[in-house]
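Everything on this sheet refers to the single structure shown next.
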Amino acid sequence: MPHVKTLQPKKHSFRVLFGQMPLTKFKDYRKSIKVDLIKYDDPQKMLKGTYDFVKATWSEDGHESDRATKEEMQDALKAMLSGKALGLGLETVNFMFRIGGITRIDTHQIVRQRIGVTFSQQCTGDRMMHHNDVLVEECINENEFALNEFIESTLSCKNTYTGLIDRGVSIQAARSILPHNLETFIFVNINLMTLLFFHQKRIDDGSQTWTINEIARQMSEEVCKIYPELTEVFAKNSKKFKFQKEAGADRKNTFSTSLYLPDPDEYDYHERDFLYPKTKSQMHKTGRPIEDTYYWGSLKINEKQYKKIKKEYDKFDKDVHDNTWSNEEIFDRAIKINTKILAEL
């Protein structure tokens with residue numbers, strides 16, 4: 001069918017940012033990770049449902065919870081959690097998390113869990129990434145030269161990204177230049193049995209990154225706020241999976257990544273078994289959190305200037321959404337806004 005000029009154009013679901021210079025806030029990684037439990041089963045309904053589920057084999061009418069006490073239903077849940085009753089009922093208890101303040105390195109680790117879980121995450125190919133914040137680890141901030149190189153390289157990638165887009169390159173191709181340190185988020189819908197398995201693996205020090213340890217810790221804490229009876233289960237669960245010990249103690253094993261010294265120190269090893277003569281905590285938790293640092297393009301600005309530019313761009317984004325300007329018109333208008341902003345800095 002031909003292009004019909006009389007049709008009203010659809011509104012884009014994302015911001016159209018042609019001509020805008022990237023706004024970048026460099027922020028502390030450790031302080032940014034935030035797990036929110038945004039959807040879960042009502043605690044009472046959860047108890048009743050799991051009880052009916054586990055008692056179904058022997059039930060005459062499927063309404064066992066109507067005749068059970070709260071203590072009996074809690075005992076049934078404990079039996080499932082301890083393996084003394086079939087754990088299928090645990091698969092009926094669902095949670096939805098929003099995990100933010102992370103990078104795509106983290107989301108790639110999270111989505112390696114493939115059974116009993118569903119994901120939805122912020123995309124890099126269906127939206128423009130001009131203004132995503134950047135997460136900085138303490139160990140990078142430990143060395144001033146390393147931090148400066150980190151900032152310069154990141155800004156170079158973001159500026160190249162916006163430049164490619166302004167020159168007509170598709171955002172789906174331009175994103176290939178983007179670094180892994182941009183802040184993003186992911187939604188995770190997961191059942192209790194899978195969550196316990198995920199937590200057991202990812203809370204262990206043998207998991208490669210401290211960030212996945214922190215994500216697993218916050219997930220369990222969020223759940224225990226709603227279901228306090230699970231606190232003890234998660235505590236015991238955190239000590240079950242000892243991948244580093246099992247793999248590291250085997251002198252013939254070459255199928256595990258050995259980056260850091262074991263923590264705790266539980267078996268004999270040679271220091272050169274590992275890439276670094278430090279534990280993961282010693283490598284990454286240096287006590288040097290970065291202060292928020294702001295840039296517009298490659299120009300360093302202060303927080304007040306950052307907020308002012310953001311306000312200008314937000315207003316322009318609304319104008320773009322409300323009108324039917326072409327990409328070229330959007331670009332030209334943005335350049336005029338940039339010129340105005342620069343004159344006022």
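Quick check on region 184-231: of everything there that is surrounded by fewer than 19 Cβ atoms within 10 Å (Cβ to Cβ) and in contact with a Leu (Cβ under 6 Å, 6 or more places away or on another chain), which residue is nearest to Leu47 (Cα to Cα)?
Cys224
Taking Lys304 as meeting all but one of (1) of a type in the set (Lys, Arg); (2) over 28 Å from Cys139 (Cα atoms); (3) modelled with pLDDT of 95 or more, write down the number of the exception.
Lys304 satisfies every listed condition except (2).
Is region 141-150 home to any residue that is of a type outside the set (S, T, N, Q), within 24 Å of Phe185 (Cβ to Cβ) and touching a Phe, Trp or Tyr at 6+ places or on another chain (Cβ under 7 Å)?
no
Identify the residue in region 122-137 that is at pLDDT below 95 and crowded, with 16+ Cβ neighbours inside 10 Å and, among all such residues, is farthest from the chain's Cα centre (by Cα).
Arg127
Here are Ala56, Ala76: which of them is of a type in the set (A, V, I, L, M), surrounded by fewer than 15 Cβ atoms within 10 Å (Cβ to Cβ) and in a helix (DSSP H, G or I)?
Answer to the check: Ala56.
What pairs come up if the first residue lies in region 216-228 and is closer than 17 Å to Ile99 by Cα and among the polar types (S, T, N, Q), the second is modelled with pLDDT of 95 or more and surrounded by fewer than 17 Cβ atoms within 10 Å (Cβ to Cβ), and their beta carbons are under 8 Å apart, counting only those six or more places apart or on different chains?
Qualifying pairs under 8 Å: Gln218/Lys34.
Quick check on Asp28: is it of a type outside the set (Gly, Ala, Ser) and within 25 Å of the chain's Cα centre (by Cα)?
yes
For region 232-262, which residues satisfy the criterion of being surrounded by 14 or more Cβ atoms within 10 Å (Cβ to Cβ), among the small types (Gly, Ala, Ser) and within 16 Å of Gln200 (Cβ to Cβ)?
Ser238, Ala247
So, Asn141, is that one surrounded by 17 or more Cβ atoms within 10 Å (Cβ to Cβ), in contact with a Pro (Cβ under 8 Å, 6 or more places away or on another chain), over 30 Å from Asp332 (Cα atoms) and polar (S, T, N, Q) or not?
In short, yes.
Report the residue count in region 280-295 for those that are surrounded by 18 or more Cβ atoms within 10 Å (Cβ to Cβ) and touching a strand residue (DSSP E or B) at 6+ places or on another chain (Cβ under 6 Å).
4
Do any helices (runs of 4 or more DSSP H) entirely within region 231-345 hold 2 or more residues that are touching a residue at least 60 places away in the same chain (Cβ under 8 Å), and if so, which?
It comes to 280-284, 303-322, 327-344.
Does at least one position in region 28-50 carry a residue that is in a helix (DSSP H, G or I), of a type in the set (Ser, Thr, Tyr) and closer than 30 Å to Glu91 by Cα?
Among the residues of region 28-50, at least one is in a helix (DSSP H, G or I), of a type in the set (Ser, Thr, Tyr) and closer than 30 Å to Glu91 by Cα, which makes the answer yes.
The values are calculated or read from the model by the stated rules, or taken from the named source; none is laboratory data. It should be emphasised that the depicted structure is a prediction, and the values quoted were computed from it without experimental measurement. Glycine also receives a Cβ, built like all others from the backbone with ideal geometry; neighbour counts cover every protein chain displayed.
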